[in-house]
1. For His149, what residues show an amide H to amide H distance below 5 Å, using hydrogens built from the backbone and excluding near sequence neighbours?
2. Can you put His149, His97 in order, fewest other beta carbons within 10 Å first?
3. On full extension of the chain, what length is gained from Ile95 through Arg150, given 0.36 nm per residue of separation minus the C-alpha to C-alpha distance?
4. Kindly identify the range 93-142 as rounded, prolate or oblate by the Cα gyration tensor criterion: order the square roots of the eigenvalues as a ≥ b ≥ c, call it rounded if a/c is under 1.5, otherwise compare a/b with b/c, prolate if a/b is larger, else oblate.
5. What list of ³J(HN,Hα) values in whole Hz, one per residue of the range 35-49 in order, does the Karplus curve 6.51 cos²θ - 1.76 cosθ + 1.60 (θ = phi - 60°) give from phi, with Gly and Pro shown as x?
6. Can you give me the long-range amide H partners of Phe47? Hydrogens built in the peptide plane at 1.01 Å from N, cutoff under 5 Å, separation of 5 or more residues or another chain.
7. Which whole-Hz ³J(HN,Hα) couplings does the range 85-100 yield from phi under the Karplus relation 6.51 cos²θ - 1.76 cosθ + 1.60, θ = phi - 60°, glycine and proline marked x?
8. Spelling out what I want: for every residue of the range 145-158, take phi, set θ = phi - 60°, compute 6.51 cos²θ - 1.76 cosθ + 1.60 (Karplus), and round to whole Hz; glycine and proline get x.
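No value in this document is a laboratory result; all are computed from the given coordinates. Just so it is clear, the model here is predicted, and its values are computed rather than measured. Ideal geometry is used to build each Cβ from the backbone, glycine not excepted, and the neighbour counts take in all protein chains shown.
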Amino acid sequence: MTFCRKSILKKAILFLALFLFGQTSLLWARKAILKDIVVTTSAKELFVYFTVANSFTKDMEEAILNGVPVTFTYKLVLEEKRSFFPNKTIASFSISHTMKYDQLKGVFIITKEGKKRERLTSKDLIWAKKLMTEVETPIVPLNKLKKGHRYELRLKAELSKVKLPLFLHYVLFFSSLWNFETDWYTVEFVY
């Protein structure tokens, strides 16, 4: 009888280890990246546009459909590049996009918070994911920049940690497997 229990226990541990390895390797296979980065100006401000690719997993989509809110945080740092001194920080801020599914109404609610707050709704998950992963934001007024000077804009995206009630952390201990964070992306330009 004890031999049978040990055998079952070994199989269960092996299965759990293979499951965790498989989940982790899937996570590494689909690394989230920033793409289509465009830095431009309007009449009064410096703007940046970019998107995030490979940010949603099936687990995240299931969690969203079950009412778990998901927040992407985008970090932006603009510095003036200087030759003989450390770079000078012109702007440093974060913006966030949060998606929550309202099961009663059957709509996704996307809240974009940054320099201004915007609330959007969509009945389509694909469109809601597009709204979550597209960023268009002003960085600084143009009068903060000097003509002919070099600047560096650094960008990063991350999925904020899921905040669940305490008892659900035990049930959903695999939730950390769908956390992501991109590398820092750098765009250098002369104004």
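1. Amide H neighbours of His149: Tyr191.
2. If I rank by nearby Cβ atoms, fewest first, I get His149, His97.
3. So the extension gain works out to 17.4 nm.
4. prolate
5. With coefficients 6.51, -1.76 and 1.60, one gets 8, 6, 7, 10, 10, 8, 10, 9, 5, 10, 9, 8, 10, 9, 10 Hz.
6. Correct list: Thr40, Thr41, Ser42, Ile139.
7. 10, x, 4, 9, 6, 8, 8, 8, 7, 10, 10, 9, 10, 10, 10, 9
8. Couplings: 9, 10, 4, x, 8, 8, 10, 10, 10, 10, 10, 8, 10, 8 Hz.
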